[in-house]
Amino acid sequence: MSEIVMLASQSPRRKALLAQIGVAVEVVVADIDETPHAGEEAAQYVRRMAREKAMAVVDRVGLAPVIAADTSVIVDGDILGKPENRAQARAMLTRLSGRTHQVMTAVALYAKGQLRLSLAVTDVTFGDLNAEQIHRYVATGDADDKAGAYGIQGAAGKFVQHISGSYSGVVGLPLYETAVLLSNAGIGLE
C-alpha cells in the first residue's frame, strides 16, 4: 500500500484517477482565489493555480505529501474556466463547436520539502454542434462545474472528434505526469 497523499481538490474525478494508479488519498480543501492575473498566459495560470492549491494546504497536513491540479480549456488564447451559469456554459460550447482547443492541466506535488510541477497540454477537436445539442447537454447539469463547460468522460465525449495528448489530463489529472512526479519524490505506487 502506498503512503496516503493529501489531495488539495474536491474533484471526485481526480480522486478516482489517483485511485486508478494505486494512490490512496485524503481530501483537504484548498480555498484560493482562482482569478487569472491581467496578462497571465494560460500555462502560467494553470501552473500558478496548481502550486497555490498545494501550498494552501501544506501547513495543515504535517509531513504528508500534497498533490493539487488545475485544468483550464484554452481557445483563441482565452482561458475558459468553469461557467458561472448555464447561459455562459452554452456560450462556451458554442465557441468550441467545430474547432480545436487546448486543455491544460498542471499538477503540483509538495513532498519532502520540495515542490514539483508538471504540465500536460492536450489538443481536443469538437465536431460541429447545433444549438439543440448544446441546450440538451447543458440542461443535464454536467457542464456546471467543469472547465470549458464539458466533461469528456461523460455525455460530452460524443462531441469529441479527435484528441491528441492526455485523455486523463482532459478529465482533470494527467496520470503519466502525476506518476512521474510521485516516483521522482520517492512515493511508491501500487
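The values are calculated or read from the model by the stated rules, or taken from the named source; none is laboratory data. Everything numeric here is computed off the predicted structure, so don't read it as measured data. Neighbour counts are summed over all protein chains in view; Cβ atoms, including those assigned to glycine, are modelled from backbone coordinates with ideal geometry. Keep in mind that these areas ignore ligands, DNA and RNA; they rest on the heavy atoms of the full protein, side chains included. Shrake-Rupley method; radii C 1.70, N 1.55, O 1.52, S 1.80 Å.
Rounded to two decimals, what is Rg over Rh for the range 61-166 when you use alpha-carbon atoms and the Kirkwood radius?
For the range 61-166, the value is 1.06.
Accessible area of the range 24-72 with a 1.4 Å probe: how many percent of it is carbon plus sulfur?
47
Under 26 Å between alpha carbons, and skipping anything fewer than 8 positions from Lys53 in its own chain: which lysines qualify?
Lys15, Lys82, Lys112, Lys146
If you roll a 1.4 Å probe over the heavy atoms of the protein chains, what accessible area per residue do you get for the chain, in Å²?
Using a 1.4 Å probe on heavy atoms only, each residue of the chain averages 47 Å².
Test of understanding: given the chain, find the longest segment containing no trypsin sites (Lys or Arg not before Pro) that are in a DSSP loop and have at most 16 other Cβ atoms within 10 Å.
Counting at most 16 other Cβ atoms within 10 Å as exposed, the longest clean stretch of the chain is 113-190.
Specify the angular offset, from 0 to 90 degrees and rounded to the nearest 10, of the alpha carbon long axis of helix 175-184 from the longest principal axis of the alpha carbons in the chain.
20
Give me, ordered by chain and number, the residues 5 or more places off Leu80 or on other chains with an amide H under 5 Å from its own placed amide H.
Long-range HN contacts for Leu80: Val73, Ile74, Val75.
If one computes P(r) from the Cα atoms of the range 17-80, what percent of pairs lie at distances over 17 Å?
In whole percent, the share of Cα-Cα pairs in the range 17-80 beyond 17 Å is 49.
Between Gln44 and Asp59, what is the label-point separation in nm under the 7 Å Cα-to-beta-carbon projection?
2.6
In 5 Å bins starting at zero, report the fraction of Cα pairs in the range 142-190 per bin as a rounded %.
Cα pair-distance distribution for the range 142-190, in percent: 5, 18, 23, 18, 13, 10, 11, 2.
What spacing in nm lies between the two simple spin-label points modelled at Tyr167 and Leu189, each 7 Å away from Cα in the Cβ direction?
The two pseudo-label positions are separated by 1.6 nm.
In deg cm²/dmol, rounded to 500, what helix-only [θ] at 222 nm does the chain give when every DSSP H run of at least 4 residues adds -39500 (n - 2.57) and the total is split over its residues?
-9500 deg cm²/dmol
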